[in-house]
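Step one of this worksheet: look at the structure below.
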Amino acid sequence: MNSIIITGGAGFIGSHLIHRMVKKYPDTKIINLDALTYAGNLENLKDIENESNYSFVKVDICDFDAVMAAFRKYKPDGIIHLAAESHVDRSITNPMAFVNTNVIGTVNLLNAARELWKDNMEGKKFHHVSTDEVFGSLGDTGFFKESTAYDPRSPYSASKASSDHFVSAYHHTYKIPVVMTNCSNNYGPYQFPEKLIPLMINNILLKKELPIYGKGLNIRDWLYVEDHAAAIDLVFHKGELGESYNIGGKNEWKNIDLVHLLCRQMDEKLGREKGESESLITYVKDRAGHDMRYAIDSQKIEKELGWFPSLNFEEGLSKTIDWYLNNKDWLKRVTSGEYAKYYQDMYKNREV
Ligand code: NAD
Ligand code: TYD
């Protein structure tokens, strides 16, 4: 492909994907299209920002004209769509932001792709990056398969489910060449410290309470972010049009067990007394409508495309903690909002 627009490239997963694609495909122009919300941080891309095959464009996907202008300027053959409001707790306090970005923003991108590619869809591809949360909540047994019926239960998952349906509908109705992935919980460097693992790392560093929702028995299936980026790259290039692929870590953890492991690893790395961080664990009011268990059956992507997770959890968690310990300034800037200044200084003249 000559040129690929990646939306949400300044976020957690998007920045890992951009690092991978810019280095791996030097002859392809990679355009990062991002509105730079609180979750978008161009510092995440500092080491590749001067690569000749990389550009950044500040666009809100809720603004169709701005999206269309960027599409006409960069004429992408491929779109990998990650831009989203991504935090369940925020969706509970402000669902409309999720409807706007995740639903309307996605449909704007589909409409822009349809317009740009209307004369020739050959060799074009729209990859929609979604979540396992669209499938709802599991009991003690079972796994989400691609064929599992959608049953979203939070405003976040309802907005992602809606966007997934629009993507499928545009494939069936307008023949837009699409692929889709539904992945489990990611962790790793550059994750905004509102999500469980970086929030706990930050609080352990600051010796602040570690808030566990409810009884801490909810289960998530954790995947190292670079393994997700590898899966997206693979599905984008090799996935069958119109198909969706589930991606998971085969790595289920109860929240409370995960936080204990994190505390133990951090105490060791920080040279603190055994048990010091665990004493910060505090049970707090549960999240409204808290999904109990997510677990992915990823046999389809394994068998059809040969993707497997590469890291075991202890290794991945240790690598993640090391990154945060080596990047305390990033954490401080992200939590203080100072990174907005970075954008102003670096990119004030680079808008579409
Ligand atoms: P993130 O919150 O870290 O980043 C989101 C990015 O999207 C930010 O750079 C933000 O500036 C940008 N953005 C938000 N609203 C925008 C708008 N209106 N216009 C343009 N850009 C906008 O999210 P993430 O964790 O990296 O997730 C990326 C994608 O992967 C999302 O679609 C999410 O639903 C999906 N996903 C995430 C996980 C996970 O564990 N984090 C798991 C499965 C799927
Ligand atoms: P989160 O990282 O928000 O991801 P998601 O809700 O999308 O799975 O939360 C992961 C799990 O951790 C979830 O069960 C909620 C729980 N959690 C806490 O117990 N305390 C916290 O402070 C946070 C942010 C999450």
Exercise for the section: Looking only at the range 270-287, decide whether some residue is farther than 26 Å from residue 155 by Cα, surrounded by 15 or more Cβ atoms within 10 Å (Cβ to Cβ) and in contact with a strand residue (DSSP E or B) (Cβ under 6 Å, 6 or more places away or on another chain). Expected result: yes
Exercise for the section: Filter the range 129-151 down to residues that are out of contact with any strand residue (DSSP E or B) (no Cβ under 8 Å at 6 or more places or on another chain) and open to solvent by 50 Å² or more (accessible area, probe 1.4 Å), then give me how many there are. Expected result: 5
Exercise for the section: Can you tell me which residue within the range 195-241, out of those that are touching a Pro at 6+ places or on another chain (Cβ under 8 Å) and more than 16 Å from ligand 2 (Cβ to nearest atom), is least open to solvent (accessible area, probe 1.4 Å)? Expected result: 227
Exercise for the section: Could you check how many residues of the range 307-326 are part of a loop (DSSP other than H, G, I, E, B), at pLDDT 95 or above and open to solvent by less than 50 Å² (accessible area, probe 1.4 Å)? Expected result: 2
Exercise for the section: Would you be able to tell me the number of residues in the range 115-128 that are touching a residue at least 60 places away in the same chain (Cβ under 8 Å) and open to solvent by 10 Å² or more (accessible area, probe 1.4 Å)? Expected result: 2
Exercise for the section: Quick one: residue 90 ticks every box in (1) in contact with a His (Cβ under 8 Å, 6 or more places away or on another chain); (2) at pLDDT below 95 except a single one, so which number is it? Expected result: (1)
Handout entry: residue 122 more than 20 Å from residue 39 (Cα to Cα), of a type in the set (Asp, Glu), assigned to a helix (DSSP H, G or I) and at pLDDT 95 or above
Key = no
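For the range 13-34, which positions are open to solvent by 30 Å² or more (accessible area, probe 1.4 Å) and either within 13 Å of residue 75 (Cα to Cα) or touching a helix residue (DSSP H, G or I) at 6+ places or on another chain (Cβ under 8 Å) (or both)? Step through it out loud before you land on a result.
So the first thing to find is which residues in the range 13-34 are open to solvent by 30 Å² or more (accessible area, probe 1.4 Å), and the list is 13, 20, 23-27, 29.
Scanning the range 13-34 gives 13, 20, 23, 24, 29.
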Completion exercise
In the range 193-219, anything of a type in the set (Gly, Ala, Ser) and touching a strand residue (DSSP E or B) at 6+ places or on another chain (Cβ under 7 Å) is listed as 216
Practice task
Being touching a strand residue (DSSP E or B) at 6+ places or on another chain (Cβ under 9 Å) and either of a type in the set (S, T, N, Q) or over 20 Å from residue 287 (Cα atoms) (or both) narrows it down to one of 174, 170, 156, 190, so name that one.
Solution key: 170
Completion exercise
Checked pairs for the range 278-303, first of a type in the set (Lys, Arg) and in a loop (DSSP other than H, G, I, E, B), second within 10 Å of ligand 2 (Cβ to nearest atom) and open to solvent by 30 Å² or more (accessible area, probe 1.4 Å), C-beta under 6 Å and 6 or more apart or across chains, list as 287/213
Handout entry: Candidate set: the range 39-69, residues that are surrounded by fewer than 22 Cβ atoms within 10 Å (Cβ to Cβ) and among the small types (Gly, Ala, Ser); chosen: the one nearest to the chain's Cα centre (by Cα)
Key = 55
Handout entry: Criterion: out of contact with any helix residue (DSSP H, G or I) (no Cβ under 6 Å at 6 or more places or on another chain), away from ligand 2 (no atom under 16 Å from the Cβ), among the aliphatic types (A, V, I, L, M) and open to solvent by 60 Å² or more (accessible area, probe 1.4 Å) - qualifying residue of 104, 92
Key = 104
Practice task
Mind listing whichever residues of the range 78-94 are in contact with a strand residue (DSSP E or B) (Cβ under 6 Å, 6 or more places away or on another chain) and away from ligand 1 (no atom under 13 Å from the Cβ)?
Solution key: 78
Handout entry: Selection within the range 35-48 - charged (D, E, K, R) and in contact with a helix residue (DSSP H, G or I) (Cβ under 7 Å, 6 or more places away or on another chain)
Key = 43
Exercise for the section: Kindly indicate the residue of the range 242-265 that is open to solvent by less than 20 Å² (accessible area, probe 1.4 Å) and among the small types (Gly, Ala, Ser) and also nearest to residue 126 (Cα to Cα) among those meeting that condition. Expected result: 248
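The values are calculated or read from the model by the stated rules, or taken from the named source; none is laboratory data. Just so it is clear, the structure is predicted and the values come from calculations on it, not from any experiment. Cβ atoms come from the backbone with ideal geometry, glycine included; neighbour counts cover every protein chain shown. Areas reflect the complete protein model, heavy atoms only, side chains present, ligands, DNA and RNA absent. Shrake-Rupley method; radii C 1.70, N 1.55, O 1.52, S 1.80 Å.
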